[in-house]
Amino acid sequence: MLSPVPSVRRARSAADRLLAAEALMWLATARLLVLLLPYRLLQRILARGDGAAQARPAAENVQRIAWALNAAGRRAPWRCKCLEKAVAGSIMLRARGYPATVFFGVARAAPAADLRAHAWLRCGDLPVVGEEAPVDGYAVVARLSSGPPESRRA
C-alpha cells in the first residue's frame, strides 16, 4: 500500500519542503517560458529527451511531485494554472529520468466563441497534474513526450 501524500495538516519534512521549493522554482521558470517563448520552441523543450531507457517511477514519487506542484502553485504570487504546472512537472520528471507526456486539449462541446483549452501531464500511465477534473471532455490536439524515441510516437 502506498503511503499517503503529505496532507495540509501534517508537519512537513525537510524533503517535502525542499521538493515544494523546487516545484516553485520550476513553476516560475515555466511561467516565463509560457510568456516569452513561441509555442514551437516550448514544444521542442517539452519533447526533448535523451533517448535513454527510463526506469518506471514509483507511484509514490509521482504523487509527491504532484503534491509539490499543487502546493507551490497555490502559494505562488503569479499565474499557476494547468499549463504552467504541466510544463514545470515535465521538467521535474525529466530531471529524475522519468518519462513525461504533456497533453494539450480543447473542449469538445464548447461553442466557437468560448474556446476552452486545458493541459495535463502524465508519467507513463500515472496522472501527475491537470487531471483533477475529468479530461475526457477534451479533444487532444497535441501530445509531447520526453521519453525514449519509441514512446514519442503518437
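Listed values, structure above:
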read-out	value
Enumeration of residues in the range 107-118 that are surrounded by 13 or more Cβ atoms within 10 Å (Cβ to Cβ) and either more than 22 Å from residue 34 (Cβ to Cβ) or at pLDDT 90 or above (or both)	118
Where residue 88 falls short, out of the listed (1) modelled with pLDDT under 95; (2) buried (at least 20 other Cβ atoms within 10 Å of the Cβ)	(1)
Members of the range 55-77 found to be without any contact (Cβ under 8 Å) to a residue 40 or more places away in the chain and not charged (D, E, K, R), listed by number	58, 61, 77
Options 121, 69, 46: the member that is at pLDDT below 90, under 16 Å from the mean Cα position of the chain (by Cα) and not aromatic (Phe, Trp, Tyr)	46
Criterion violated by residue 80 - all others in (1) among the hydrophobic types (A, V, I, L, M, F, W, C); (2) more than 19 Å from residue 20 (Cβ to Cβ); (3) free of Cβ contacts under 8 Å to residues at least 60 places away in the same chain satisfied	(2)
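The values are calculated or read from the model by the stated rules, or taken from the named source; none is laboratory data. This is a predicted model, so every value here is computed, not measured. Heads up, the Cβs are rebuilt from the backbone with ideal geometry, glycines too, and the neighbour counts pull from every protein chain shown.
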